[in-house]
Amino acid sequence: MELRAGVGGDEAALFAGELYMMYKKYAANKGWAFELIDSNKTSIGGFKSAVFELKGENVFPKLKNESGVHRVQRVPKTEKGGRVHTSTATMAVLPKASESEMTIRSDEIEVTFSRAGGPGGQNVNKVETAVRILHKPSGIVVSSRSERSQQNNREKGMELLRSKLLEIKKAEATGNITEERRKQIGTGDRSEKIRTYNFPQDRITDHRIKKSWSNIEKIINGNLDPVIEAVSQG
């Protein structure tokens, strides 16, 4: 899963951070394994971007419909006039692709290493363990810094790259691909607004099925099943 702050500056980053925690808590509720692969945090505690992996029973079938633009409407803590602001975050959900499903030649990629930074002890900060992989034919760039070794981060990065390229391959096979769509898969962005989190009205609305739920705090705290099940049923 790849999460990115959209329009809205700091508020969008904070919202992205809340969505990250929502999926993390939901994974814990379902008994799924959760692993952060890469992230770009802000100084105020939000996320500019975060890539994380979930493992468990029926993970992809349950979460595949979370791809899209998530919109939040609320009064930011920094807003002195009490005005409601609208911000967004984008989510991309991709199934993990194996090497047999998507082969990538060594001459198609450019791999660079850097210091990971952040938590994890001195080894993370002093040794160049973070990995950045450029897929030259598509221009897609992925990175991984969660592991303590270059090799493990390289493997995680390659897994993410294969997943993105497989998504493009599937879209091309069905004829449902444009240059803009290709870019969206590459960055994790989605142009479609799927859901609005309206805090002043304590209401979450999924625009695809035109259904709303109250008690935002409960849902944000990982109780996503009612929403996910309703969307999957259409």
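The values are calculated or read from the model by the stated rules, or taken from the named source; none is laboratory data. Only a predicted model underlies this, so the values are computations on that prediction, with no experimental measurement involved. Every residue, glycine among them, receives a Cβ derived from its backbone with ideal geometry; neighbour counts consider all protein chains shown.
Against the condition in the same structural domain as Lys62 (by the TED database), modelled with pLDDT of 90 or more and of a type in the set (D, E, K, R), how does Asp202 come out, does it pass? For Asp202, the condition - in the same structural domain as Lys62 (by the TED database), modelled with pLDDT of 90 or more and of a type in the set (D, E, K, R) - is met. Here Thr103 fits the description: of a type in the set (S, T, N, Q), outside the structural domain of Leu134 (by the TED database), within 27 Å of Ser149 (Cβ to Cβ) and loosely packed, with under 14 Cβ neighbours inside 10 Å. Taken across the range 15-38, residues that are at pLDDT below 90 and among the small types (Gly, Ala, Ser) do not occur at all. Filtered by the rule that a residue be part of a helix (DSSP H, G or I), surrounded by 15 or more Cβ atoms within 10 Å (Cβ to Cβ) and at pLDDT below 80, the range 121-167 gives a lone residue, Val124.
In this structure, is Ile219 closer than 23 Å to Glu66 by Cα, touching a Gly at 6+ places or on another chain (Cβ under 9 Å), at pLDDT 90 or above and surrounded by fewer than 19 Cβ atoms within 10 Å (Cβ to Cβ)? The answer is no for Ile219.
Within the range 135-158, residues that are farther than 15 Å from Arg105 by Cα and assigned by the TED database to the domain that holds Leu54 reach no partner that is surrounded by 14 or more Cβ atoms within 10 Å (Cβ to Cβ) and of a type in the set (A, V, I, L, M, F, W, C) with beta carbons closer than 8 Å at six or more positions or on different chains. Condition (residue is modelled with pLDDT of 85 or more, over 20 Å from the mean Cα position of the chain (by Cα) and surrounded by 14 or more Cβ atoms within 10 Å (Cβ to Cβ)) applied to the range 86-98: is it met by at least one residue? Within the range 86-98, none of the residues are modelled with pLDDT of 85 or more, over 20 Å from the mean Cα position of the chain (by Cα) and surrounded by 14 or more Cβ atoms within 10 Å (Cβ to Cβ). Cβ separations smaller than 7 Å between residues 6+ apart or across chains give the following pairs from the range 216-234 residues that are free of Cβ contacts under 8 Å to residues at least 60 places away in the same chain and assigned by the TED database to the domain that holds Ile204 to residues that are part of a helix (DSSP H, G or I) and buried (at least 17 other Cβ atoms within 10 Å of the Cβ): Val227/Ile219. Filtering the range 200-234 to residues that are acidic (Asp, Glu) and either farther than 19 Å from Glu18 by Cα or assigned to a helix (DSSP H, G or I) (or both) leaves Glu217, Asp225, Glu229.
Report yes if some residue within the range 8-24 is in contact with a strand residue (DSSP E or B) (Cβ under 9 Å, 6 or more places away or on another chain) and part of a strand (DSSP E or B); otherwise report no. Taking every residue of the range 8-24 in turn, none turns out to be in contact with a strand residue (DSSP E or B) (Cβ under 9 Å, 6 or more places away or on another chain) and part of a strand (DSSP E or B). Of all residues in the range 25-62, those satisfying the criterion of being assigned to a strand (DSSP E or B) and in contact with a helix residue (DSSP H, G or I) (Cβ under 7 Å, 6 or more places away or on another chain) are Phe34, Ile37, Phe47, Lys48, Ala50, Val51, Leu54. State all residues of the range 5-18 that are buried (at least 23 other Cβ atoms within 10 Å of the Cβ) and touching a helix residue (DSSP H, G or I) at 6+ places or on another chain (Cβ under 9 Å); if no residue qualifies, say none. Ala5 - this is the single residue of the range 5-18 that is buried (at least 23 other Cβ atoms within 10 Å of the Cβ) and touching a helix residue (DSSP H, G or I) at 6+ places or on another chain (Cβ under 9 Å).
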